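Student: Structure in structure tokens, see below.
The values are calculated or read from the model by the stated rules, or taken from the named source; none is laboratory data. Since this is a predicted model, take the numbers as computed values, not measurements. So basically every Cβ, Gly included, is an ideal-geometry build from the backbone, and we count neighbours across all protein chains shown.
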Amino acid sequence: MNDLALHLLDIVQNSISAGASLITILLDEQPLNDSLTLSVSDNGRGMAAEQVAKVTDPYFTSRTTRKVGLGIPLFKQSAETSGGQLIMTSALGVGTTTTAMFGYSHIDRLPIGNIPNAIILLVSANPDIDFIYTYRYNKEEYIFDTKEVKEALEGTPLNEPTIIKYLEEMIEENMKALKI
Amino acid sequence: MNKIKSLSDLRKIKQDVENRLDLREKSDNPERHVQIKVAMATCGIASGAREVMNAFIEKIAQDKLDAIVTQTGCMGYCHAEPTVEIRKPGEEPIVYGHVDVEKAVAIVDKYIKQGELLEGIIPVNYQTV
């Protein structure tokens, strides 16, 4: 994976497979504390403790189409090569939270990549799932909530190309505005 | 600097979109539309599925096609990623392998619009869930 946006696309697929109806994404950029956190929480079916212990093993997967599962192991590796770590917590019937912490200024820390595009691809491909994306930069915060978007759209499909493009630009501009 | 885009402005463009949609509610009746499913598991993403999905969305917007782009997980064809499943109404789905931006455009122009089969089809016999 070349950047964190690609990891995000990948990790959220786990939440979708787990039957989540609400997926919460946090990107927390704290240059002053030299930390960067990317976290995905869902209300999917969750995992038992013994399964949580196994998910970072590349030869463990719950799927039957193939024998390896590399999403979480690669995410963990990306976090650890930047001096950070990956933490997963899960409870059956409640959901799962995957949090990766990175050393912000570490030379091996992956670039963040195009997060607005990743969010919009996920949102438009899964219109029935609600997403809440929070971006934090130092103390400033921007929240993109698909429930609010759907309310504003009053039934107009969210995955209509004009709307997709608008939403992507909206997220991008709001994220940039926090850094000024 | 221009004003930052917000949800209140979204309400304005929503009206234009509605006028163009001419009552065909996409989300309610997906069977009427061509479905393009981009496989986006770890294997797909690592081989460029994101660029392919963006290319399909852009092409469909450009040509104003009645199609929706969604994602699927890994279908077990990791060797041929990025893979894309095209499902036309009333037809058996077809899976194309090794799709890149150029091929995505060709799939729309030749297969979706004209029904002409392109190279790179993965012979399959499965049902998606």
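Student: Which pairs have Cβ atoms under 7 Å, sit 6 or more apart or on different chains, and link a residue in segment B:4-20 that is among the β-branched types (Val, Ile, Thr) to one that is at pLDDT 80 or above and surrounded by 14 or more Cβ atoms within 10 Å (Cβ to Cβ)?
Tutor: Taking only residues 6 or more apart or on different chains, the pairs are B:ILE4/A:GLU173; B:ILE4/A:ASN174; B:ILE13/A:THR162; B:ILE13/A:TYR166; B:VAL17/A:THR156; B:VAL17/A:GLU160; B:VAL17/A:THR162; B:VAL17/A:ILE163.
Student: Another one. Only one of these conditions is not met by A:LEU70: (1) within 14 Å of another protein chain (Cβ to nearest Cβ); (2) touching a residue at least 24 places away in the same chain (Cβ under 8 Å); (3) touching a helix residue (DSSP H, G or I) at 6+ places or on another chain (Cβ under 7 Å). Which number is it?
Tutor: Going through the list (1) within 14 Å of another protein chain (Cβ to nearest Cβ); (2) touching a residue at least 24 places away in the same chain (Cβ under 8 Å); (3) touching a helix residue (DSSP H, G or I) at 6+ places or on another chain (Cβ under 7 Å), A:LEU70 breaks only (2).
Student: Quick one: which of A:SER39, A:SER35 is in contact with a Ser or Thr (Cβ under 7 Å, 6 or more places away or on another chain) and more than 9 Å from every other protein chain (Cβ to nearest Cβ)?
Tutor: That would be A:SER39, the only listed residue that is in contact with a Ser or Thr (Cβ under 7 Å, 6 or more places away or on another chain) and more than 9 Å from every other protein chain (Cβ to nearest Cβ).
Student: Select from segment A:121-138 the residues that are more than 13 Å from chain B (Cβ to nearest Cβ) and among the acidic types (Asp, Glu) and list them in ascending order.
Tutor: Passing the criteria: only A:ASP130.
Student: Taking segment A:124-145 only, how many residues are crowded, with 17+ Cβ neighbours inside 10 Å, at pLDDT 95 or above and not in a loop (DSSP other than H, G, I, E, B)?
Tutor: So the count comes out to 7.
Student: Just give me the residues in segment A:139-177 being more than 7 Å from chain B (Cβ to nearest Cβ) and in contact (Cβ under 8 Å) with a residue 40 or more places away in the chain, in sequence order.
Tutor: Of everything in segment A:139-177, those that are more than 7 Å from chain B (Cβ to nearest Cβ) and in contact (Cβ under 8 Å) with a residue 40 or more places away in the chain turn out to be A:LEU167, A:GLU168, A:ILE171, A:GLU172, A:MET175.
Student: Suppose we filter segment A:82-107 for residues that are closer than 22 Å to A:GLY46 by Cα and surrounded by fewer than 17 Cβ atoms within 10 Å (Cβ to Cβ); how many remain?
Tutor: 7
Student: Specify the residue that is farthest from the other protein chains (Cβ to nearest Cβ); the eligible residues are those in segment B:65-78 that are touching a residue at least 12 places away in the same chain (Cβ under 8 Å) and either outside any strand (DSSP E or B) or more than 16 Å from B:ALA104 (Cα to Cα) (or both).
Tutor: If we take residues in segment B:65-78 being touching a residue at least 12 places away in the same chain (Cβ under 8 Å) and either outside any strand (DSSP E or B) or more than 16 Å from B:ALA104 (Cα to Cα) (or both), then B:ASP66 is farthest from the other protein chains (Cβ to nearest Cβ).
Student: Would you check if there is a residue in segment A:60-67 being without any contact (Cβ under 8 Å) to a residue 40 or more places away in the chain and either part of a strand (DSSP E or B) or more than 12 Å from chain B (Cβ to nearest Cβ) (or both)?
Tutor: Yes, some residue in segment A:60-67 is without any contact (Cβ under 8 Å) to a residue 40 or more places away in the chain and either part of a strand (DSSP E or B) or more than 12 Å from chain B (Cβ to nearest Cβ) (or both).
Student: Run A:ALA79 past the list (1) in a loop (DSSP other than H, G, I, E, B); (2) buried (at least 16 other Cβ atoms within 10 Å of the Cβ) and report the number of the one that doesn't hold.
Tutor: Among (1) in a loop (DSSP other than H, G, I, E, B); (2) buried (at least 16 other Cβ atoms within 10 Å of the Cβ), A:ALA79 violates only (1).
Student: Could you give me the residue pairs with C-beta distances under 6 Å whose first residue belongs to segment A:97-124 and is over 18 Å from A:SER78 (Cα atoms), whose second residue is among the acidic types (Asp, Glu) and part of a strand (DSSP E or B) wherever it lies, and which are 6+ apart or on separate chains?
Tutor: Pairs that qualify, where the first residue is over 18 Å from A:SER78 (Cα atoms) and the partner is among the acidic types (Asp, Glu) and part of a strand (DSSP E or B): there are none.
Student: Does A:ASP28 fit the bill of being among the acidic types (Asp, Glu), touching a residue at least 24 places away in the same chain (Cβ under 8 Å) and away from chain B (no Cβ under 14 Å)?
Tutor: Taking the combined requirement at face value, the residue satisfies it.
Student: Quick one: count up the residues across segment A:30-60 that are acidic (Asp, Glu) and buried (at least 21 other Cβ atoms within 10 Å of the Cβ).
Tutor: Qualifying residue count, segment A:30-60: 1.
Student: Of all the residues that make up segment A:138-180, how many are closer than 23 Å to B:ALA67 by Cβ and among the aliphatic types (A, V, I, L, M)?
Tutor: Of the residues in segment A:138-180, 6 are closer than 23 Å to B:ALA67 by Cβ and among the aliphatic types (A, V, I, L, M).
Student: In addition: Is it the case, given these coordinates, that A:ILE180 is part of a loop (DSSP other than H, G, I, E, B), within 11 Å of chain B (Cβ to nearest Cβ) and without any contact (Cβ under 8 Å) to a residue 40 or more places away in the chain?
Tutor: Taking the combined requirement at face value, the residue satisfies it.
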